[in-house]
Amino acid sequence: MTYCLGIKVREGLVAIADTRITSGSETTTAKKISIHKNGKNNLFLMTSGLRSIRDKAVTYFEELLENDDIPYDKMYKVVNAFGSQLRRVSQEDKLSLQESGLFFNLFTIVGGKLEKGQRPQ
């Protein structure tokens, strides 16, 4: 079981997630929260779902953030950018995963503080 929780408080945001990964009878730990910077924007992603999908989508998202030409002045633009990378992973891997009996699923909470002085979202 995975949990990710984001709470908006007066001072900003609180983001918590477990670190337990269970596969059959094997249990390991790994981060389910990733922190990202884009200029003066501070962002986080909290995920649950198939780990390979998460890792690939986050890698693609990080590559996108390295391009300083993209202005993320609204949180919906950040969410759309991550969503486009998740769709890219879906196009590349969904059929193979289904053929292996796995479901393509990833649930994500995106949050952070953007440079434009908006409150954390």
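What follows draws every value from the coordinates through simple rules; no lab data is involved. The structure presented is a predicted model; accordingly, all values stated were derived computationally and were not measured. No Cβ is skipped: glycine too gets one built from the backbone with ideal geometry, and neighbour counts run over all protein chains shown.
Things worth noting here:
- Rg ratio (alpha-carbon, reference 2.2 N^0.38 Å) - the chain: 1.12
- In degrees, nearest ten, helix 75-99 long axis to first principal axis of the chain (Cα): 10
- Within the chain, longest stretch clear of exposed trypsin sites (Lys or Arg not before Pro) (DSSP loop, no more than 14 other Cβ within 10 Å): 75-115
- Links that overshoot a 19 Å alpha carbon limit, given the list Lys31/Lys116; Lys32/Lys94; Lys31/Lys74; Lys56/Lys94; Lys56/Lys116: Lys31/Lys116; Lys32/Lys94; Lys31/Lys74; Lys56/Lys116
- Principal-axis tilt of helix 51-65 within the chain, Cα atoms, nearest 10 degrees: 30
- Longest DSSP-loop-exposure-free segment, GluC sites (Glu not before Pro), the chain, at most 12 other Cβ within 10 Å: 67-121
- Charge sum, other residues only, whose C-beta stays under 13 Å from Ala30's C-beta, Lys/Arg counted +1 and Asp/Glu -1: +2
- Here the label points at Lys94 and Lys8, each 7 Å from Cα along the C-beta direction, are separated by 3.0 nm in the simple model.
- In plain terms, the chain from Phe107 to Asp55 could stretch by 17.5 nm, reckoned as 0.36 nm per residue minus the Cα-Cα distance.
- Neighbour net charge for Val79 - beta-carbon separation under 14 angstrom, K R +1, D E -1: +2
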